[in-house]
Each structure stands twice: as structure tokens, then as C-alpha cells.
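Comments concern the structure below.
The values are calculated or read from the model by the stated rules, or taken from the named source; none is laboratory data. All values reported here derive from a predicted model rather than from experimental measurement. Glycine also receives a Cβ, built like all others from the backbone with ideal geometry; neighbour counts cover every protein chain displayed.
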Amino acid sequence: MAKKKEPTKKKAEKYSREHDLAKKFNDYWNGVLETQENHYRKLSLLNLIELKKAVSNINNIVTFEATKRFVRQLKKHGTINSTQAKKMLETIDGQHPNANGFDVEDESSRIIAEVKCNIPVKDATFGASQKSGILKDLKGLKEGKKTSAIQDVSGFRKFMVILNGDKVKDAMGKLVENDNSIIEFRRGRIDTKHIYIVYIDI
């Protein structure tokens, strides 16, 4: 009786760091630019260094865009009017990304806000440094910040603005579940006793 031939095992492909990096790089830029180019090969080392400098500011860009959407959401829900929204957007645009104080400080509408664009690191949970940053900002909204021109926050409506990425609501829920003074923002009356979490859709 003839012996059955063992099936030939497929040889595992040898890993190439260059191929892996180039594919990820090209997949992103071809998707954004709607091209089918090998951008990885077209860029020199100097080009890549300049690109690194440009994208190092991406966190500030994302925060800026999320902040503008927050103001528009307040206007949409009737929390502020068109005049207040316009003034707030102008103030935000004229503020340096690393300025002290709250991300939004508006005396006329009595609103202060912090904007966070953290993405949970694992299992719908923020990392240690992310938690620390969010809790620090929540404390500032409750008690005030020495770096802000607004020292007495008791008469202000307070908002924590969060970029609504994958499992962000779950992560925030875990972080603030034992604090009844922090609630999700809904259409309606806003008081000065609570901190309202506003989720900004991507």
C-alpha cells in the first residue's frame, strides 16, 4: 500500500521591516490623497524629517478642531446664541495652543471647558498618564486653575470635551462612575454645579 504523501507546509514569509513600514506609510497617504503611488520611495530622509516636524503638531490641530465643534454643538443645542458662538470661535482661534488656563474661557456666556482627545490604550481603559491628565482637568473645572484668569469658577457652566473615538465612552464611564457631579451633556438646562461631558463625534 502506497504511503500517503504529507501535505507540504507553506513556508512562512520572511519579515521585512522596510516592506512593513512602506506599506503602512503608502496605505495612509494613498487613502488620503486618492493616489496609487509609492510615496515612501519618493521622499528623501530630509523630506521625512520635515514631515515629522509638521505632524508633531497634530495633537494641537485635533484639539483645535474638536474645540470648534464643541462651540458649534453648544450653539446647536441652544446653550449659547450665534453672537456668543462667533465670539468664542474668534477667541479660540486667537489663542496659542500652549496658552495657560482653560481651553475655553468665556466670561460673557459664563462657560469654561477643557478639551481632551485621548484614545483608550487597552480594553476600554485610559492609560495611567491619560487618567492623570483627565482627572487633573476635572479638578481644575471644579476648583479653578491658578493659571487661568478666571479664579472663581463657581458661577460658570463647566464642560469636559472628549473626542468620541473607539470605546471612549466606556473608558470615561469607568473613570468618573463614582462622581455624581460629572454627567453627560444633554439638550436642556445647564447648571453651574455639575461638570458636563460633551462627546465630539469624529
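Applying the criterion of being without any contact (Cβ under 8 Å) to a residue 60 or more places away in the chain and surrounded by 12 or more Cβ atoms within 10 Å (Cβ to Cβ) to the residues of segment 186-201, the residue that is nearest to the chain's Cα centre (by Cα) is TYR199.
When we screen GLN151, GLN130 for residues that are crowded, with 17+ Cβ neighbours inside 10 Å and either at pLDDT 95 or above or not in a strand (DSSP E or B) (or both), the only hit is GLN130. If I filter segment 158-170 for residues that are more than 15 Å from ARG110 (Cα to Cα), assigned to a helix (DSSP H, G or I) and charged (D, E, K, R), do I get at least one hit? Checked against the condition, which is being more than 15 Å from ARG110 (Cα to Cα), assigned to a helix (DSSP H, G or I) and charged (D, E, K, R), segment 158-170 yields at least one hit.
Which members of segment 69-95 meet the condition of being charged (D, E, K, R) and closer than 21 Å to ARG186 by Cβ? Across segment 69-95, the qualifying residues are ARG69, ARG72, LYS75, LYS76. Here the condition is being more than 25 Å from ASP166 (Cβ to Cβ) and within 20 Å of the chain's Cα centre (by Cα); of LYS116, LYS86, LYS68, LYS139, it holds for LYS139 alone.
Considering segment 160-171 alone, what residues qualify as being buried (at least 19 other Cβ atoms within 10 Å of the Cβ) and under 14 Å from VAL121 (Cβ atoms)? Scanning segment 160-171 gives VAL168, ALA171.
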